[in-house]
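All remarks here apply to the structure that follows.
Read the figures in this text as sums done on the coordinates, not as results from a lab. Keep in mind that what you see is a predicted model, and the values were worked out from it rather than measured. So basically every Cβ, Gly included, is an ideal-geometry build from the backbone, and we count neighbours across all protein chains shown.
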Amino acid sequence: MKSIGDQAAAGFFASRKVTDHDIALSQRSPDLLGALLLGTTGASWGLRVPGAMSPFSIYVEFGTALGDGAYDDLLGAVTHLHGAVGPADNGNASLRITLECDSALQAAMLATEAAQAAGLRCGLPLDSVVGIEVTTEAEADRRLSEESSQELAGLAEAGDIIGVDEDTLASLTAELAPHLVQQLAGGPVYRAAGVRQVAAAHRLSLTERTILTMAVNAEEPAAPRTGPALPAPVRHLPDGTLHIHTSGADPSFTEAAAALTRRGLLQPGPGHTSEAGGLLVRASDRGRRHHALTKESPGSGT
């Protein structure tokens, strides 16, 4: 059974036998759906809903695309509802309108009817609405503000935050997928906050973090040593290289240095094979960036 809104839309757009649309549809004004359709047909009526009302922002998507010219007709049907129209990310036609209602449920019902009537102007069937999202205007504004101010990260930035090279980063695509903002020709763009969540699951061990901090500090001999105290098997060299003793020392230090090197955070120091019983390494550019990005992060191991 068709709703009153459907009947009103079908009666007006199909038969066009009524010359005074406002008078014809005003007979249906006690029904909220019919009252909304008054606006879509050019009437000056507004919604009359008892009780306190709040503004709602409603996004509606149709199940098909529209030609450029048809968007003018679609916009004309929702202009009085502060409407905006355009293609969705998947190419389908979509619109957004604002309604004063006393609940999200009522806003969803009225917006659906409004979208159906607007779609008829563009030749869309009444069942062409495939999706709807209702939020208060305050929540819509909050989301917009959050989206415009959020920190983003491309492939290079994501690699620096997590502390891995691009090959390793590719293996984390599934973990990063929930934080994807947009896929561009140059690569994916992620929410940096989400990338940091992934980084937390792949954070350095305490020993790895200690060695990376010492390697970064080793390049600034004039600066005060703000990192952890040097363990016995490790010492700074004048050229900014970190020397890790391997003979008879705790193997965890060399294992951590090797892991950091595989992640591209350390690189072999100059003449790294010249000193027997020792491993010479220094922080790579990625290692310095990763250290700077994570040294103040909660749970980073510092």
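Length gained on full extension, residue 127 to residue 92, computed as 0.36 nm times the residue gap minus the Cα-Cα distance: 11.2 nm. Note on residue 267 and residue 165: their simple-model spin labels are 1.1 nm apart, each label 7 Å out from Cα toward Cβ. Applying the Karplus relation 6.51 cos²θ - 1.76 cosθ + 1.60 with θ = phi - 60° to the range 129-138 yields 3J(HN,Hα) values of 6, 10, x, 8, 10, 10, 9, 5, 4, 4 Hz, where x marks Gly and Pro. Each residue of the range 234-243 was assigned a 3J(HN,Hα) from its phi angle through the Karplus curve 6.51 cos²θ - 1.76 cosθ + 1.60 (θ = phi - 60°); the sequence is 10, 8, 7, 9, x, 7, x, 8, 9, 9 Hz, with glycine and proline shown as x.
Let me check against my output: what whole-number percent is the relative contact order of the range 152-201, with C-alpha pairs under 8 Å and at least 6 apart?
Values: 56 pairs, mean separation 23.7, N = 50.
Once normalised by length, the contact order is 47 percent.
For the range 184-192, the Karplus equation 6.51 cos²θ - 1.76 cosθ + 1.60, evaluated at θ = phi - 60°, returns couplings of 9, 4, x, x, x, 10, 10, 6, 4 Hz by residue, with Gly and Pro reported as x.
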